[in-house]
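One structure is given here, and the rest of the page talks about it.
Each value in this text was obtained by applying a stated rule to the coordinates, not by laboratory testing. Quick caveat: nothing in here was measured; it's all calculated off a predicted structure. Here Cβ is always computed from backbone atoms with ideal geometry, including for glycine, and neighbour counts include all displayed protein chains.
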Amino acid sequence: MSTLSTADRARRLRELHDAPEILRVVNVWDVVSAKAVLALPDTRALATAGHSIAATFGYDDGTIPLETTLDLVSRIVAVAGDVPVTADLDDGYADTADTVRRAVGVGIVGANIEDRLRPFDESVARVAAAVAAADAEGVPFALNARTDALVRGGDRPLEESIADAIARGRAYLDAGADVVFVPGVLDEATTAQLVEGIGRISVIGLPGALSAAEYESLGVKRISYGPLTQRVALTALQDVAADLYAAGRIPSSTRPLN
């Protein structure tokens, strides 16, 4: 149980974004995965992975009902105590203001909301509405406004996608977002351009991407891992299941989780 208010946990998350060192958040997708990560002394915040939660309930990414997501994340918030929880809220659903209001109501203190490359003005308005809704609840919500300028850029030149990401990112920060999430496999040069152009960015750790320490040296504020943590866990499950089918044994190194 948390000894801090929702607003206090939101302020804590914002402080972690402001710190000189990069905030590393390991994405979770249910209560038991959250408990496993919370047991580690380096855990300062939790982030949920929307893709992983959707997969848990049998939905394709981006199609899970908001009610299902909020119910599950509220359970994660309940076991997280004073550790702030930021949630993947897909594109914010039909009404970003109502989505954030409901998220704050279950104790969520930050969120990823993706633009899916909606028209520029509409995307900025949705960010502003989300921030205003949290402000109305008295919570300094740490919005990690995601732009899909790179991952949905299609065949346009990379420099054009980078310029779009910078324009959107600046506008999102001006609208009240705390940090701007630019997913993709970002090399050093691209990351440096984004940091210089936007200022406060977060990234995803993907195979082939830079390390957290390398991103930190470039001024990135936060790194998360999306559905990759669940994929690692499921890979381990498949591997041990294959071994058990071959008359293997549960490894003696297996740790109990309380």
Open item on the list: Using Cα springs under 10 Å in a Gaussian network model of the chain, which residue among Q238, Q193, Q230 shows the largest mean-square fluctuation?
Closed with: Q238
TODO: Give the relative contact order (percent, whole number) for the stretch 51-151; include only Cα pairs under 8 Å separated by 6+ residues.
DONE: 25 percent
Open item on the list: Please compute the contact order of the stretch 114-258 in relative form: average sequence separation of alpha-carbon pairs under 8 Å and at least six residues apart, divided by the residue count, as a percent.
Closed with: 18 percent
- [ ] Pop out the ³J(HN,Hα) list for the stretch 85-97 in order, Karplus 6.51 cos²θ - 1.76 cosθ + 1.60 with θ = phi - 60°, rounded to Hz; leave Gly and Pro as x.
- [x] 10, 10, 10, 7, 10, 6, 9, x, 6, 5, 10, 5, 5
Open item on the list: Based on alpha-carbon centroids, what's the gap between the stretch 158-179 and the stretch 27-69 in Å, whole number please?
Closed with: 26 Å
Open item on the list: Could you compute the net charge surrounding R101? Neighbours are other residues with a C-beta less than 10 Å from the C-beta of R101; K and R count +1, D and E count -1.
Closed with: -2
TODO: Can you tell me the relative contact order of the chain? Whole percent, Cα pairs under 8 Å, sequence separation 6 or more.
DONE: 21 percent
TODO: Would you kindly state how much longer the chain becomes between L4 and L237 on full extension, computed as 0.36 nm times their sequence separation minus their alpha carbon distance, in nm to one decimal?
DONE: 80.3 nm
Open item on the list: I want to verify the translational diffusion coefficient of the stretch 57-188 in µm²/s; compute it with Stokes-Einstein, Rh as the Kirkwood radius over Cα pairs, at 10 °C and 1.306 mPa s.
Closed with: 104 µm²/s
TODO: Would you calculate, for the chain, the mean residue ellipticity at 222 nm contributed by helices, counting each DSSP H stretch of 4 or more residues as -39,500 (n - 2.57) and dividing by all residues, to the nearest 500?
DONE: -14500 deg cm²/dmol
Open item on the list: Using only Cα atoms and rounding to the nearest 10 degrees, what angle (0 to 90) does helix 188-198 make with the longest principal axis of the chain?
Closed with: 50 degrees
Task: For the chain, built as a Gaussian network whose Cα springs stay under 10 Å, the top-fluctuating residue of L23, L38, L237 - done: L237
- [ ] For the chain, build the charge dipole from Cβ charges (+1 Lys, Arg; -1 Asp, Glu) around the Cα centre, then report which of A189, L117, A209 sits farthest towards its positive end.
- [x] A209
- [ ] Could you state the angle between the C-alpha long axis of helix 6-18 and the longest principal axis of the C-alpha atoms of the chain, as a value from 0 to 90 degrees rounded to the nearest 10?
- [x] 80 degrees
Open item on the list: How tilted is helix 66-80 with respect to the longest principal axis of the chain? Cα atoms for both, answer in degrees (0 to 90, nearest 10).
Closed with: 70 degrees
TODO: In nm, give the distance between the simple-model label positions of R118 and D174, each being 7 Å from the Cα along the Cα-to-Cβ direction.
DONE: 1.8 nm
